[in-house]
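Notes for the one structure printed next.
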Amino acid sequence: MIFPSLRHCTTLLITAVLWSLSIATQAATTPDSALHPRPGQHAVASAHPLATRAGIDILQQGGNAFDAAIAVAASLGVVEPYSAGIGGGGFWLLYLADRDEYRFIDAREKAPAAAHRDYYINADGKVDRDKAINGPTAAAIPGQAAAFDWLTQHYGRLPLQQTLAAAIQQAQQGFPVYEHYQRLTGWRLDTLRRYPQSARLFLNKDGEIPEVGELIRQPELAVTLQRLAEQGRAGFYQGATAAAMVKQVQQAGGDWTLADLANYSVVERQPIRTSVGHGQFELISAPPPSSGGVALSQMLTMLEQFDWQSLDTVPQTQLLAEVMRRAYLDRARYLGDPDFVPVPVKQLLDPAYNRQWAASIEPGKATPSLSLQGPKNIKEGFHTTHLSVMDAEGNMVSATLSINLPFGSGFTVPGTGILLNNEMDDFSAHPGAPNAYGLVGAEANAIAPGKRPLSSMSPSFLISRDQTAIIGTPGGSRIITMVLLGILEAMQDKPVQDWVSRPRLHHQYLPDRIQYEAAALTAAEQSELKVMGYTLKDAGRQYGNMQAIRWDHRNGEVSAAADPRGYGSAMVVEPAGNTIQK
Ligand code: DON
């Protein structure tokens, strides 16, 4: 037997004590239904008013938060076709009030068996960006249908026929085009035009962006959803829908097989749970293959070492940029699908490790990213949705769902209405080669058959004695830092509207610069940061679409907010039907 050195033992002991302290504080901050009354109200926040309404309707029909979340997600897949849907996947963070337990459903897409490390490398040894983001070659095996089925089997009270009914109706009857829809259609116009089924569904008859108010009908998608409602997962991963997907994907150059679909399953994982804010809060968030929970915990632990709340904008921005930079470096280095690679979650969450990171931050001076020793070379590159639900009993769902870029791969499977994702681009196609979000990765996120690509989606809860927060947003690589900023607002006891509307800034290690919304920094503040050595980049437009719910344990008030940057809506209703907030 080899005895570890004394110093090592001491480190282990300190680490163990810190861990047990953190576990003890976690227990102290977990919501206790015996101490707090149940919220007594239903709340839904989502990116589209029709989806929010669908969720509220299910709650009023006797469904719980899990049934409502299915209804909201299914509806978003129809009325926000660019963001997430049955051709994609996502992460579902649950709180089961009667058992006082958290669950995390990983319904992330999986690489088909034919994919391999160099799947996107062309004859010149370069990454074929077109193959990685457009058409069926970019699509991983979808997880959304399996998530609906799993949630219904294990957590819901109502059958899929009831929870999918609103989405089916919206697909049949159509939804009116809105400005946000127009913007995202414009963004992927060329790709949509390449695939006739997509052009027919999402553009007007001249192949142009439809006018506001024009109806988008998806009758084939209604049939596909109906089959899923009647047959459960077999109605998607086997039978007519599966056969159509495999045939059409192969005809269009992709590599899916029936076995890829039949083998898909969701995975229940332990959520990341950390005590933050000097033991006053518990963060519950997404574990790998999301990078969100780990990065959020790291950043919040680093911030704990500073009196960040009392800093002025410039020093606070500097501090935020530096903790973001360090967490995103670890993301790029270490994170990937835990079913395939060992992800050092414990080490990354170790408070001592993050204190060391915090100690390397120099006040008033930027740390160049490449001086931190990580993957080299990056260049700039560049939709998804989030829903938050709480029912009157206190069950909660925070779910971020995606098909990746707006309109995913742009490829709709003919005859099914299923718009396929391009989530394969979230893998690292080549060490150091940036993906569409400019993110780099290493070995841990290399492509392998059946593997899940690393994600930034960070559906989260933040619990303290005083309040419960449900929070999340889309936004690619910027998701994690948006959720961080939202959480910091919550930690300062600000109203839920502030969490979703706070001006945003972001640093992701590489490219080495602070991206910011115009309202986040004045010209004078920008100048001061430049003097400290920061490169700044105006994000060009506002970004993100955060959906949040707050339950104040002190006065029992439930409030919800949809990001003012988006088209979403938040509602709070009494079970009897009175609307409290709209
Ligand atoms: O899983 C991820 O990190 C990305 N596929 C999310 C994409 C996204 O949020 C795009 N939103 N605007």
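Here the simple spin-label model places points 7 Å from the Cα toward Cβ, and for Arg217 and Leu370 these points are separated by 5.7 nm.
Using mean Cβ contacts within 10 Å as the protection proxy, how do 412-424, 206-218 order, highest first?
Final packing ranking: 412-424, 206-218.
For Arg233, what accessible area in Å² do you get when you roll a 1.4 Å probe over the heavy atoms of the protein chains, rounding to the nearest 10? In the full protein context, Arg233 sits at about 60 Å². Most tightly packed first, judged by the mean number of other beta-carbon atoms within 10 Å of their residues, the peptides 96-105, 52-61 read 52-61, 96-105. Among Gly156, Asn122, Pro81, whose Cα lies farthest out toward the positive end of the dipole of segment 65-195, if unit charges sit on the beta carbon of Lys, Arg (+1) and Asp, Glu (-1)? After comparing all options, I get Asn122. Summarised as an ellipsoid, segment 481-522 has semi-axes of 21, 12, 6 Å, derived from the eigenvalues of the Cα gyration tensor scaled by 5 and square-rooted, with the largest first. Dipole size of the chain about its Cα centre, with +1 on Lys/Arg Cβ and -1 on Asp/Glu Cβ: approximately 820 debye, rounded to the nearest 20.
Debye sum, Cα scatterers, the chain, no solvent: what log₁₀ I/I(0) at q = 0.07, 0.09 1/Å? Debye intensities relative to I(0), on a log10 scale: -0.38, -0.64. Convex hull volume of the Cα atoms of segment 106-258, normalised per residue: 141 Å³.
In terms of the Cα gyration tensor, with a ≥ b ≥ c the square roots of its eigenvalues, is segment 31-109 rounded because a/c is under 1.5, prolate because a/b exceeds b/c, or oblate? Oblate, since a/c reaches 1.5 and b/c is not below a/b. In this structure, the amide hydrogen of Phe281, modeled 1.01 Å from its nitrogen in the peptide plane, lies closer than 5 angstrom to those of Val276, counting only residues at least 5 positions away or on a different chain.
For His154, His386, the ranking by accessible surface with the largest value first comes to His154, His386, using a 1.4 Å probe.
Each Lys and Arg adds +1 at its Cβ and each Asp and Glu adds -1 at its Cβ; summed about the Cα centre, segment 65-205 shows a dipole of about 500 debye. Which of Phe461, Phe175, Gly364 sits closest to the plus end of the dipole of the chain, meaning its Cα is farthest towards the positive end, when Lys and Arg get +1 and Asp and Glu get -1 on the C-beta? Positive-end residue among those listed: Gly364. When each of the peptides 264-273, 466-475 is scored by how many other beta carbons lie within 10 Å of its residues on average, the order from highest to lowest is 466-475, 264-273.
In units of the compact-protein estimate 2.2 N^0.38 Å, segment 215-373 shows a Cα radius of gyration of 1.49.
Binning all Cα-Cα separations of segment 185-234 at 10 Å, short to long from zero, yields these whole-percent fractions: 24, 40, 25, 12. Across all directions, the shadow cast by the convex hull of segment 423-552 built on its C-alpha atoms averages 9.6 square nanometres. A straight line joining the Cα centroids of segment 209-224 and segment 284-334 runs 41 Å.
The values are calculated or read from the model by the stated rules, or taken from the named source; none is laboratory data. Values in this document were obtained by computation on a predicted structure and should not be read as measured data. Backbone-built Cβ (ideal geometry, glycine too); neighbour counts: all protein chains shown. What goes into the accessible areas is simple: the full protein's heavy atoms, side chains included, and nothing from ligands, DNA or RNA. Shrake-Rupley method; radii C 1.70, N 1.55, O 1.52, S 1.80 Å.
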